[in-house]
Amino acid sequence: MLHNARVLVGISGGIAAYKSAHLVRLLKKAGAEVRVVMTQGAQAFIQPLTLQALSGNPVATDLLDPAAEAGMGHIELARWPTHIVLAPATANLIARLNAGMADELLPTLILATNKPVFIAPAMNQQMWQAPVTQANIKNLQAMYPSWQWLGPDAGEQACGEVGAGRMLEPEAIVEALQPAQKLAGKHLLITSGPTREALDPVRFISNHSSGKMGNALASAALRLGAKVTMITGPGHLPVPAGVQQVAITSALNMLQAVQDKLASCDWFIGCAAVADYRPAEVSEQKLKKGAEDELSLQLVKNPDIIATVGQHPQRPSLVVGFAAESEALLQYGEQKLKRKGLDWIVCNDISQPGIAMNADDNAVTIIGHSSQKVLSQASKQKIGQQIIDFLIEQTL
Ligand code: PMT
């Protein structure tokens, strides 16, 4: 239930705005305190008074409202909620969010908030499919990976056309705000990002892993009530709020950090791109350029972290690896599954443009000892959610 939740419902101007009245009723019924913000367009479809009566609070509509600015201005509204639901989110609102517009109260407060945002798009199916709408959504997903996109549904539309673009039913939206805490009591340990293997004080060997896939897995697990610890290699991405982070640099650091946490964890997911080798020697001084045209580096093998976990006396009940391959994806994935003592391995093809390392999307095949599951290309947030849902289905 949503007791103690403060939900801000943002309504923009589409025919689905009439469903928002029911959404507000359901949220109140679930125990949430509700405030409504409407765009000018939304007020052409439904009266603020209706939503005021249903929410039990004044409806905010104006960015430059002298009365509101004295008390609940746009910054106040951005800070107040525990959840923000944009329903319906029209193509126009989505475009304005992507452009960072602050031309009305609703997009302005979204710009000013760091609260969880749930977006239920609703529009004509052709508008939904329009490349510019899809590009706006892709951009927003990359900029705000924690935002949750709810729907749209497909079916008959108010304009008489049939296709994707119907707003998700209010019941489904309320359910998305309060997902069953299927991972409550579970502690997940996730490695993420690259490792960095030093050559000297200024140079290192590393790779292009961004940490996006690991973050997506962590967000999905947190939403389902898990405690999440991430061991992260160097990068620029902050981990999702609520994650306990152990930041490391090298593969040896990562192994140590994993071993320190292993006893308390239930699931281990190795999403990090760990360097297989490190320089045999790390020079204390910056290496100087010599007269030779060629330079050879001697490398030594790093320990295999996930294989260590797979064979550890304190092995967690579930050990899941990733395989990044540029050829023979499933064959190599299966070999790693067995060799490293894993329960599942998530294989992604790094030769495909637009997915896997450092991309916003992914497409994966999850291989187990007796079954496989293909997840077709989607944002890493979605793939992360689907992987966690799949593992829950198989395990709990
Ligand atoms: O971070 P992103 O930009 O979002 O990209 C995500 C990703 C492509 C890095 C991720 O999806 C992924 O595939 N991670 C594993 C990359 C990799 O190093 O794969 P691998 O096939 O070399 O390793 C197989 C498994 O062994 C992995 O679980 C890896 O974490 C683990 N490993 C590898 C070497 C080593 N010394 N120790 C390990 O634990």
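The values are calculated or read from the model by the stated rules, or taken from the named source; none is laboratory data. This is a predicted model, so every value here is computed, not measured. Every residue, glycine among them, receives a Cβ derived from its backbone with ideal geometry; neighbour counts consider all protein chains shown.
With respect to LEU77, is the statement that it is in the same structural domain as PRO121 (by TED's automatic domain parsing), assigned to a loop (DSSP other than H, G, I, E, B), more than 17 Å from ALA176 (Cα to Cα) and modelled with pLDDT under 95 true? The answer is no for LEU77. Taken over region 191-243, the residue count meeting the criterion of being in a loop (DSSP other than H, G, I, E, B) and aliphatic (A, V, I, L, M) is 8.
For region 254-372, give me every one of the strands (runs of 3 or more DSSP E) that falls completely inside it and has 1 or more residues that are closer than 21 Å to ASN215 by Cα. Outline the logic, then answer.
Details: elements: 267-270, 277-279, 299-301, 318-325, 344-349, 361-367.
By residue number, 267-270, 318-325, 344-349, 361-367.
Every listed requirement among (1) over 24 Å from the mean Cα position of the chain (by Cα); (2) more than 12 Å from the ligand (Cβ to nearest atom) is met by CYS265 save one, (1).
For region 56-74, give me the residue count where each residue is at pLDDT 90 or above and loosely packed, with under 14 Cβ neighbours inside 10 Å. Step through it out loud before you land on a result.
In the first step, residues of region 56-74 are kept if they are at pLDDT 90 or above; the result is 56-61.
With the extra rule that they be loosely packed, with under 14 Cβ neighbours inside 10 Å, the set shrinks to 56.
Here the count works out to 1.
As a summary of the residue check, PRO316 satisfies the conditions (1) more than 11 Å from the ligand (Cβ to nearest atom); (2) within 26 Å of HIS187 (Cβ to Cβ); (3) out of contact with any His (no Cβ under 9 Å at 6 or more places or on another chain) except for the one numbered (3). Residue pairs whose Cβ atoms lie under 8 Å apart, separated by 6 or more positions or on different chains, with the first residue in region 148-173 and at positive phi and the second at pLDDT 85 or above and assigned to a helix (DSSP H, G or I), are GLY151/ALA172; GLY163/GLN125; GLY163/GLN126; GLY163/TRP128; GLY163/GLN129; GLY165/GLN125; GLY165/MET127; GLY165/TRP128. The residues of region 321-350 that are of a type in the set (A, V, I, L, M, F, W, C), more than 6 Å from the ligand (Cβ to nearest atom) and at negative phi, listed by number, are LEU329, LEU330, LEU337, LEU342, TRP344, ILE345, VAL346, CYS347, ILE350.
One residue alone among THR229, THR191 is closer than 24 Å to ALA323 by Cβ, within 13 Å of the ligand (Cβ to nearest atom) and of a type in the set (Ser, Thr, Tyr), and that residue is THR191.
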